[in-house]
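Heads up, the thing below is written out as structure tokens.
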Amino acid sequence: MSMQHVLDYLKQNQARFLSELCEFLRFPSVSAQSQHKDDLRACADWLVQHCRSIGLKAEVCPTAGHPIVLAKTPHVAASRNGKHRPHYLVYGHYDVQPPEPLNLWKSPPFEARIEGRSLFARGSTDNKGQIFAHLKAAEAYLKTGTPLPCDLTFLIEGEEEVGGENLVEFLKTRRKELHCDAIVVSDTGMPDKKHPALTYGLRGIIAFEIILHGPSRDLHSGIFGGAIENPAIALSGMLAKMHDKNGKVAVPHFYDGVLPLSAYERKQFKRLPLPDSALQKLLGVKKLYGERGFTATEQRSARPTFEINGLTSGYQGEGSKTIVPAWARAKITCRLVPNQRPSHINKVVCDYIKKVCPPTVRLELEAGHGAEAYYVSPTGAHAQAALRALRGAFGREPVLLREGGSIPIVNEFKKVLGADTLLLGLGLPEDNAHSPNEKFDLDNFENGQRMSALLWQELNATS
Ligand code: BES
Ligand code: ZN
């Protein structure tokens, strides 16, 4: 049995793969919302059953939070010539972002809908469709009886979207069994359908909430308004101080240690598709905005930010209600770049918030998760093998990317398992990850399966 059998198998089974992926997408596995706890468990159980059906040895591993799915290719006796049999870990996540606001979805988020070459559903690109492409490639080897040149372990977690810490514990306790030559992750993007991509950098993150407490209860704004600070206005004023007129984060020491972009990198960024004008159109904004002196690509992938993810205060229901609200809160994340330590950034940001908080309200800061940025040179043998696999599968020249999203666990892979991660994303900018009408491109699904199938051969050629 040869590689051609694997590729033929993939080609012949696309319709079934698609209906299986639709089943996977039906679970509302929203990790952030506690009412979905059982749905995550059911999704993990389904995934384990599915892995078994394609010939993997799979188990559900309970954690303090949502379970982890672990699935392995069947054991192959070590070769007698003493050659090292490589082991690769394929990581993905089966949890998804909340689907809200529901009214903006053209069809229900957990009833997958196919339109042309797009598959619409929450989690389709982030990350169920992408991890499924790797599972189908493994299935093709196993079902055609084609020997895999390596051992594979699939590690599919249920807490990626909430920055969960439980997987770190899991890595530590199973360190030996998870020891591997490299980790492969398809949970990033490509700039467009014509440019498959290897991502060699990701931004880090810190998350926290600012809560301002004003009066002990909501008050009549006519009776009391004017004599007390309105927490919503106080918070707005504080948040308005977070950026300067050049679009830079105004927090002292925020940019400490941030490395300038090299001329080489800036040149590479310029070669990527999706120029600023196209981005403006895609995102539906009147005008782009950002840190002066950097292109949109640089701002989105290699510069740190301060963002408000949610802002709540006062009456949100129908009609009007004349009150001075008792409190106001903002959910904040900062994206970090290499050399910015999350603990340091957390400190300088919180110090600044305390400084700009007026004395008329009580400030509460609720700490959240954090992770360093990831950066690994794309010149190594594994990266070169990945580029060959991308080229072979997509029939196009791949590009090298740094991306702005965060996958905190890749740092732990390096620390705990000592291995680098190959980021081979299949998502498109227009896939609406984390937005209403999320979709996955079915050509990328198919090319992704082939990329995975070819990757194991290409990596083998390097070992
Ligand atoms: N798939 C994304 C990460 C991503 C997206 C990387 C696009 C590169 C390009 C992942 O599922 C995600 O959304 N991660 C969160 C992590 C956070 C909750 C700690 C993110 O980036 O917001
Ligand atoms: Zn995500």
(message) Going by what's in this entry, would Val410 be described as assigned to a helix (DSSP H, G or I), of a type outside the set (Lys, Arg), within 16 Å of ligand 2 (Cβ to nearest atom) and crowded, with 16+ Cβ neighbours inside 10 Å?
(response) yes
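Being farther than 18 Å from Glu20 by Cα, within 16 Å of ligand 1 (Cβ to nearest atom) and not hydroxyl-bearing (Ser, Thr, Tyr) is the requirement here; does Pro99 meet it?
yes
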(request) Give Glu307, Glu364 a once-over and let me know the one that is surrounded by fewer than 16 Cβ atoms within 10 Å (Cβ to Cβ) and touching a His at 6+ places or on another chain (Cβ under 7 Å). (result) Glu364
(request) Just name the residue that is farthest from Phe269 (Cα to Cα) out of those in region 184-202 that are within 16 Å of ligand 2 (Cβ to nearest atom) and among the β-branched types (Val, Ile, Thr). (result) Val185
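Does region 206-215 include one or more residues that are of a type in the set (Phe, Trp, Tyr) and within 15 Å of the chain's Cα centre (by Cα)?
No, there is no match, as no residue in region 206-215 is of a type in the set (Phe, Trp, Tyr) and within 15 Å of the chain's Cα centre (by Cα).
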(message) Of the residues Asp39, Asp8, Asp45, only one is under 22 Å from the mean Cα position of the chain (by Cα), at pLDDT 95 or above and not β-branched (Val, Ile, Thr); which?
(response) Asp39
(message) Consider region 252-303. How many of its residues are in a loop (DSSP other than H, G, I, E, B), among the charged types (D, E, K, R) and surrounded by 14 or more Cβ atoms within 10 Å (Cβ to Cβ)?
(response) 2
(message) As an exercise: evaluate Ile353 against (1) touching a residue at least 60 places away in the same chain (Cβ under 8 Å); (2) in contact with a helix residue (DSSP H, G or I) (Cβ under 7 Å, 6 or more places away or on another chain); (3) crowded, with 17+ Cβ neighbours inside 10 Å; (4) not in a helix (DSSP H, G or I) and give the number of the one condition it does not meet.
(response) (4)
(message) Which of the numbered conditions does Gly116 fail, given that it passes all the others? Conditions: (1) more than 16 Å from ligand 2 (Cβ to nearest atom); (2) closer than 20 Å to Gly448 by Cβ; (3) touching a residue at least 40 places away in the same chain (Cβ under 8 Å).
(response) (3)
(request) Go through region 149-183 and give me each residue that's over 20 Å from Val48 (Cβ atoms), away from ligand 2 (no atom under 16 Å from the Cβ), aliphatic (A, V, I, L, M) and surrounded by 18 or more Cβ atoms within 10 Å (Cβ to Cβ). (result) Ala182, Ile183
(request) Filter region 52-75 for residues that are out of contact with any strand residue (DSSP E or B) (no Cβ under 7 Å at 6 or more places or on another chain) and away from ligand 2 (no atom under 16 Å from the Cβ) and give the result. (result) Ser53, Ile54, Gly55, Pro62, Thr63, Ala64, Gly65, His75
(request) Could you run through region 393-407 and say how many residues are more than 16 Å from ligand 2 (Cβ to nearest atom) and buried (at least 20 other Cβ atoms within 10 Å of the Cβ)? (result) 6
(message) within 30 Å of the chain's Cα centre (by Cα) and acidic (Asp, Glu): is that true of Asp244 in this structure?
(response) yes
(request) Spot the failing condition for Phe440; the list is (1) over 25 Å from Thr297 (Cα atoms); (2) in contact with a Leu (Cβ under 6 Å, 6 or more places away or on another chain); (3) among the aromatic types (Phe, Trp, Tyr), and only one is missed. (result) (1)
(request) For Pro378, state whether it is surrounded by fewer than 21 Cβ atoms within 10 Å (Cβ to Cβ), assigned to a loop (DSSP other than H, G, I, E, B) and in contact (Cβ under 8 Å) with a residue 40 or more places away in the chain. (result) yes
(request) From the list Ile211, Ile205, pick out the single residue that is within 16 Å of ligand 2 (Cβ to nearest atom), touching a Lys or Arg at 6+ places or on another chain (Cβ under 7 Å) and more than 20 Å from Leu155 (Cα to Cα). (result) Ile205
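The values are calculated or read from the model by the stated rules, or taken from the named source; none is laboratory data. Note that the coordinates shown come from a computational prediction; the quantities given were computed from them, not determined experimentally. Glycine gets a Cβ as well: all are built from the backbone with ideal geometry, and neighbour counts include every protein chain shown.
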